[in-house]
Amino acid sequence: MAASLLRVSRPRRALLPLSSLRLPLSTQPQPTSPAPPPSSTSRGLPHFLSFLAAAAAAAAGGATVALCDPGVDHRVGGKDSTELVVEGEHRRVPQEFIDELASFLGENLTVDYDERSFHGTPQNSFHKAANVPDVVVFPRTQDEVQKIVMACNTYKIPIVPYGGATSIEGHTLAPHGGVCIDMTLMKKIKSLHVEDMDVVVEPGVGWIELNEYLKPYGLFFPLDPGPGATIGGMCATRCSGSLAVRYGTMRDNVINLQAVLPNGDVIKTGSRARKSAAGYDLARLIIGSEGTLGVITEVTLRLQKLPSHSVVAMCNFKTIKDAADVAIATMLSGIQVSRVELLDEVQIRAINMANGKNLPEVPTLMFEFIGTEAYALEQTLLVQKIASEHRGSDFVFVEEPDAKAELWKIRKEALWAGFAMEPDHEAMITDVCVPLSRLAECISTSKRLLDASPLTCLVIAHAGDGNFHTIILFDPSKEEQRKEAERLNHFMVHTALSMEGTCTGEHGVGTGKMKYLEEELGIESLRTMKRIKAALDPNNIMNPGKLIPPHVCI
């Protein structure tokens, strides 16, 4: 469910003519954080770059220096952070920089405040930043992306890559202002190799549109995050979805990719061969880097054959633990399911309210089995037997295409169904993942706290791989509700971490999950990540303030 939210459909705003591309004036205020007085070693540098001056001073004087992110309150997004608004160091973008971008982008550039605000405000997330982008650009080619990045590196302007706007952990916030690179115009399907079962696409292609293109060839791309997600963003967040239990995550389905590095170099991480032992696996370094190491401009994807037949089944349970136990038993049996989705009774109630359904409001498992008609039916009956041994009831299955599509449509629109229960609320959406054997315990422990909360909380799980999500609905105008939502989020994450799990199974880190990374990965791993970041992006222009906690020093 990484990138699991539907972007509200909206026509692109008409961009301003080139003659109007002047910088925003005081009539469109840019909120900034108060900055401490500059030191003698970093005078004139923005604070998120001043670690370079500190490094030079240390090298010259032989002193030991901690290279962190000075000028930033280390509680914000860092360890033990409780702040909601992500602060940043903002400086005015030079007009000559705007002019340089306009010289090759033409009208595919805007400084319109509404457009900048739209791109700097997550569409379906409670995360916020003190600033918005100064400029939004819409490149059409890799060459244009390269020129944009090189200009930003020269002027030391922050970059925020932007795809389908479905991420939910603050990935597209622009706390330092800078340039938002909207990749949605780069949506070509460049080549399809049917016999090799792979396809080469630009990053702005949506996974739903890609599968519509592939269907006549009997092929499909098996990752299915939320509607609106694009291939570039799916790579950047290392997403997965409901089919990951059978086909793996994004890192398993990318053969190679191309990316523009912060200095403007264009790299291709490999050939089209299905496997290779040639050098470092740079593709896996870029996948999941959340735009902090470069801008993805092309992706070669592994495809699968469309199954000849599928069966979708549903089963009800008295408790969420019983449902989770059946998911675990199914996986241990060796049955090759393609989906195992768990929905708690609150989520089912929301579905009934939003869709006029009359489903039993109890914990429910949904399965999908694929293969030949005989094989899919055989697997269905085996799981029915497992469910009956764990107090499952009302086991039903469908094989008609329309009926199957309707069931999965209900599942995919779970978030919107939740909002039907509390239309004026925001959603704090979190996901964790634990070893499969700990799933039932983790969900049950979390569910007890969620049920005791005054807030409305819905649980959905990709139960076949130990990944579950909670949608916590709260009134943003009531601080006590936001704090309660944060308390529930913290509890879920720490419960998962105590069971050798992760703070994020598929949504990614962004700004929202940085504070948990030291507990999960350890400080040495985070320092290694920061060294990689500093080596590839010494000017710290690529999506600064994301993924690596600000308190980590090297």
>> Looking at segment 420-434 only, could you name the residues that are open to solvent by 40 Å² or more (accessible area, probe 1.4 Å) and within 21 Å of the chain's Cα centre (by Cα)?
In response: Glu426
> Within segment 243-285, which residues are touching a His at 6+ places or on another chain (Cβ under 8 Å) and either open to solvent by 70 Å² or more (accessible area, probe 1.4 Å) or free of Cβ contacts under 8 Å to residues at least 12 places away in the same chain (or both)?
Replying inline: Arg272
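Every residue, every condition in (1) in a helix (DSSP H, G or I); (2) in the same structural domain as Asp224 (by the TED database); (3) closer than 25 Å to Thr249 by Cβ, yes or no:
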| residue | (1), (2), (3) |
| --- | --- |
| Thr380 | yes, no, no |
| Arg391 | no, no, no |
| Leu407 | yes, no, yes |
| Ile410 | yes, no, yes |
| Gly418 | yes, no, yes |
| Ser444 | yes, no, no |
| Leu458 | no, no, yes |
| Ser477 | no, no, no |
| Glu484 | yes, no, no |
> For segment 275-303, which residues satisfy the criterion of being within 23 Å of Leu210 (Cα to Cα) and either modelled with pLDDT under 95 or not in a loop (DSSP other than H, G, I, E, B) (or both)?
Replying inline: Ala283, Arg284, Ile286, Val295, Ile296, Thr297, Glu298, Val299, Thr300, Leu301, Arg302
> In the set Glu480, Glu520, which member is within 22 Å of the chain's Cα centre (by Cα) and acidic (Asp, Glu)?
Replying inline: Glu520
> Between residues in segment 88-109 that are without any contact (Cβ under 8 Å) to a residue 12 or more places away in the chain and residues that are in a helix (DSSP H, G or I) and not hydrophobic (A, V, I, L, M, F, W, C), which pairs lie under 9 Å by C-beta distance while being six or more apart or on different chains?
Replying inline: Glu96/Tyr155
> Of the residues Ala452, Ala463, Ala485, Ala496, which is open to solvent by less than 10 Å² (accessible area, probe 1.4 Å), farther than 20 Å from Glu169 by Cβ and either at pLDDT below 95 or not hydroxyl-bearing (Ser, Thr, Tyr) (or both)?
Replying inline: Ala463
> Does segment 358-378 contain at least one residue that is part of a strand (DSSP E or B), of a type in the set (Ser, Thr, Tyr), without any contact (Cβ under 8 Å) to a residue 60 or more places away in the chain and in the same structural domain as Ile471 (by the TED database)?
Replying inline: yes
> Of all residues in segment 209-228, how many are under 27 Å from Cys180 (Cβ atoms) and modelled with pLDDT of 95 or more?
Replying inline: 4
>> Filter segment 371-406 down to the residues that are out of contact with any His (no Cβ under 7 Å at 6 or more places or on another chain), surrounded by 18 or more Cβ atoms within 10 Å (Cβ to Cβ) and of a type outside the set (S, T, N, Q) and list them by number.
In response: Val383, Ile386, Ala387, His390, Gly392, Phe395, Phe397
> Restricting attention to segment 460-475, which residues are of a type in the set (A, V, I, L, M) and not in a strand (DSSP E or B)?
Replying inline: Ala463
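Looking at segment 187-201, which of its residues are open to solvent by less than 10 Å² (accessible area, probe 1.4 Å) and closer than 23 Å to Arg140 by Cβ?
Residues satisfying the conditions are Val199, Val201.
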>> Please go through segment 208-231 and give me each residue that is open to solvent by less than 10 Å² (accessible area, probe 1.4 Å), touching a strand residue (DSSP E or B) at 6+ places or on another chain (Cβ under 6 Å) and under 22 Å from Gln123 (Cβ atoms), ordered by number.
In response: Ile231
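The values are calculated or read from the model by the stated rules, or taken from the named source; none is laboratory data. Small disclaimer: the values here were computed from a predicted structure and weren't measured. For neighbour counting, all protein chains shown are included, and Cβ atoms are generated from backbone atoms with ideal geometry for every residue, glycine included. Only protein heavy atoms, including side chains, enter the accessible area calculation; ligands, DNA and RNA are left aside. Shrake-Rupley method; radii C 1.70, N 1.55, O 1.52, S 1.80 Å.
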